[in-house]
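Heads up, the thing below is written out as structure tokens.
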Amino acid sequence: MMKKLYPKLYVENIGSITASMLRKMGMEAVVLDVDNTLVPHDDPNPTVEVENFLADMRQGGIKICVVSNNSEERVKPFCERIGVTYFVSDALKPRAYGYLKAAEIMGVKAEKTVGIGDQIFTDIWGANRAGCYSILVKPIDTKTEPFYIKIKRILEKPFVKR
């Protein structure tokens, strides 16, 4: 189980990931978390960096799906704003369900999918459990997070250091 808590790759931010990099790895799709991966917690507005990342993925032929534990009321309008058709809300991460559902609706195998997120105990664990390639990004803004996520951040520190 402990092995499933470690990402395959750790990067500073979403902009560090390119479609050509993923294509060289044989990947066909990305599954993206929302809060503190793409935008600060509960922020509805993507940055230019996120828009550039999404444009690069589209241009590189990488399929995109948002998978979030948030409700559809949060996820659907955000996806509409960023132009992403596929999403899974109430994903129950760290269960594999959201990742496997995302791969299914995009028509790709989980092994050809990259799970990208900022939390080890939800995003990375879930991606690894589903058989996806996992990438951990540094959280955008931890000051805006709810208390329970701040507690998880403390528990994640030993895994991030390794």
So the check is Cβ under 6 Å with 6+ separation or different chains; which pairs have a first residue in the range 50-68 that's under 11 Å from VAL88 (Cα atoms) and a second one that's at pLDDT 95 or above and not hydrophobic (A, V, I, L, M, F, W, C)?
CYS65/TYR86; VAL67/GLY98; SER68/SER89
Going by what's in this entry, would ALA127 be described as in contact with a strand residue (DSSP E or B) (Cβ under 8 Å, 6 or more places away or on another chain) and more than 22 Å from GLU12 (Cβ to Cβ)?
no
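Residue-wise test of (1) surrounded by fewer than 15 Cβ atoms within 10 Å (Cβ to Cβ); (2) farther than 22 Å from ALA110 by Cα.
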position: VAL34; (1), (2): no, no
position: GLU51; (1), (2): yes, yes
position: ARG74; (1), (2): no, yes
position: ILE82; (1), (2): no, yes
I'd like to check something: does the range 101-113 contain any residue that is at pLDDT below 95 and polar (S, T, N, Q)?
no
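The values are calculated or read from the model by the stated rules, or taken from the named source; none is laboratory data. Because the structure is a prediction, the values reported are computed rather than measured. Here the Cβ is made from the backbone with ideal geometry for all residues, glycine too, and neighbour counts use every protein chain on show.
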